[in-house]
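The values are calculated or read from the model by the stated rules, or taken from the named source; none is laboratory data. Worth saying up front: this structure is predicted, and the values here are computed from it rather than measured. Cβ placement follows ideal geometry from the backbone for every residue including glycine, while neighbour counts extend to all protein chains displayed. Side chains are part of the model used for accessible areas, which takes the heavy atoms of the whole protein and leaves out ligands, DNA and RNA. Shrake-Rupley method; radii C 1.70, N 1.55, O 1.52, S 1.80 Å.
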Amino acid sequence: QVQLVESGGGLVQPGGSLRLSCAASGIIFSINTMGWFRQAPGKQRELVATITGGGITNYADSVKGRFTISRDNAKNTVYLQMNSLKPEETAVYYCNAHIPYGPGFWGQGTQVTVSS
């Protein structure tokens with residue numbers, strides 16, 4: 001079975017940094033496009049960043065220049081380095097594994113709180 005487990009969330013000051021990790025199992029990780037999404041309370045889930053199996057990245061305009069998505073295929077892990085965090089980026093952050101012929105898979109989410 002497929003399992004995605006996020007970690008690394010927590011409380012950070014505005015302007016601070018945090019690195020999220022997503023450990024994957026049950027998929028051929030090296031060829032999967034992976035993504036990070038976030039969902040604030042009462043809001044729709046939104047795409048933050050994606051990375052293909054070949055390392056091609058895409059970012060939401062709001063995070064370009066501040067966030068970096070990366071992957072370590074040897075560790076079956078995808079990361080999201082978040083710098084210069086803003087209070088409005090407080091949300092539950094979810095890892096996603098994209099599957100061409102299916103809905104994909106989601107992790108349980110990890111809470112990120114940006115507050116002074």
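Treat the stretch 45-116 as a sphere of radius equal to its Kirkwood radius over Cα pairs and apply Stokes-Einstein at 20 °C in a medium of 1.002 mPa s; give the translational diffusion coefficient in µm²/s, rounded to a whole number. Once the numbers are plugged in, D ends up at 160 µm²/s.
Exposure check, 1.4 Å probe, all protein chains in place: Tyr59 carries approximately 60 Å² of accessible surface.
Taking 7 Å steps out from each Cα toward its Cβ at Ser25 and Ala40 produces label points 3.5 nm apart. Cβ-Cβ distance of Asp72 and Ser116, R₀ of 41 Å, FRET efficiency by 1/(1 + (r/R0)^6): the value works out to about 0.80. Straight Cα distances below 27 angstrom link Lys86 to the lysines Lys43, Lys64, with same-chain residues fewer than 8 positions distant left out. Given a 1.4 Å probe and the protein chains as shown, Lys86 ends up with an accessible area of around 80 Å². Sorting Arg19, Arg66, Arg45 on solvent-accessible area from highest to lowest, probe radius 1.4 Å, gives Arg19, Arg45, Arg66.
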